[in-house]
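Report on the following structure.
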Amino acid sequence: MATTSAATSSAQYSTKIIKAGALLGDTRRLFAHWDRTRPTRENLGRIRTENLFGKASRSRVQDILIIFRQRYLSDPAIANALATLVQRGFPSRSLDRILYFHAAQSDPLLHDTVTEILAPLYWSGVSEVSPTHIYAALRDWTYGGRTAAKWSEPTTRRVAEGLLATLRDFGVLAGTVNKRIVTPVLPVEAFAYVAFFLSERERSGDKLLNSPEWQLFFLSSEAVERLFIEAHQRRLVEYQAAGRIVRVEFPTSSIVEYARALLERAH
């Protein structure tokens, strides 16, 4: 399973978020019609032909499919796991958190906006987030060489607006013009899925417990441990800790199998 994340990517920020958003409804529609026996290319060709998303123009469909390729389709195992969850009725609240996680893993700009801008605000007790705040940070990142090219002021503002709207739709922020950080709620089934994904990269239990990726959900190490204990009680993982020695084991070896296991326990 591919485990490259935005946190370890050397890719510079792009402006794709302007054309994307959370696209939660379209994502569910995509995976509801995904044929797990067919390769990605064939699935996308059929979806294009059938105009599954009901968009007015082919260019808009193409924009959406490019985003889906980036977020969810680079690894066939991930695509099949998500299709399994959607087609077998995984709870929406948990599914949306998983889709947000994959979107953030695939997009360094979305990832770093949460971990470098929102998370420090959250931990300092600040919940209000204004477009000006995001714009100022993006402008600094542009001048610091973190974008593929220098963004103009209008482009920077559009990217800031796109980020805020996307994070609102993913449930990370709430509000209309000025946004506020939402108190994070990560259902244990979604937590267990994310932990399984991260375990492919964080090879020790201690590294998994303290992974910086939990900042995407504003979780402290103590909160992560509480979720591991709950997941252990629900028989989603085997979790044992004694001081700095942490052991985490999962009941399956593949993410598709683990998606099935989560569904069995969710129902």
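Summary table below
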{"read-out": "Lysine pair number, Cα distance threshold 27 Å (strictly under), the chain, separation 8 or more or different chains", "value": "7"}
{"read-out": "Highest-fluctuation residue, ALA149, ALA190, ALA83 considered, GNM on the chain with Cα pairs under 10 Å", "value": "ALA149"}
{"read-out": "Positive dipole terminus of segment 108-181, leading residue within ALA119, THR132, LEU167 (C-beta point charges)", "value": "THR132"}
{"read-out": "Net charge of neighbours whose Cβ lies under 15 Å from the Cβ of SER130, counting Lys and Arg as +1 and Asp and Glu as -1", "value": "+3"}
{"read-out": "Surrounding net charge for PRO251, when Lys and Arg each add one and Asp and Glu each subtract one, Cβ distance under 13 Å", "value": "0"}
{"read-out": "14 Å beta-carbon shell around ARG146, net charge (K/R +1, D/E -1)", "value": "-2"}
{"read-out": "Given charges at beta-carbon only (K, R positive; D, E negative), |dipole| of the chain in Debye", "value": "800"}
{"read-out": "Relative contact order %, segment 108-181, counting alpha carbon pairs below 8 Å whose residues are six or more apart", "value": "37"}
{"read-out": "Protection proxy ranking of 238-248, 88-98 - average other beta-carbon atoms within 10 Å, highest first", "value": "88-98, 238-248"}
{"read-out": "Unit charges at the beta carbon, dipole of segment 140-267: most positive-side option, VAL248, ALA223, TRP141", "value": "TRP141"}
{"read-out": "Mean separation of Cα contacts under 8 Å (6+ apart) over length of the chain, as relative contact order %", "value": "25"}
{"read-out": "Where Rh is the Kirkwood radius over Cα pairs, Rg/Rh for the chain", "value": "0.96"}
{"read-out": "Assigned charges on the beta-carbon of Lys, Arg, Asp, Glu; segment 22-147 dipole about Cα centre (debye)", "value": "620"}
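Just so you know, all these numbers are worked out from the coordinates, no wet-lab data involved. This is a predicted model, so every value here is computed, not measured. Note: ideal-geometry Cβ built from the backbone for every residue, glycine included; neighbour counts use all protein chains shown.
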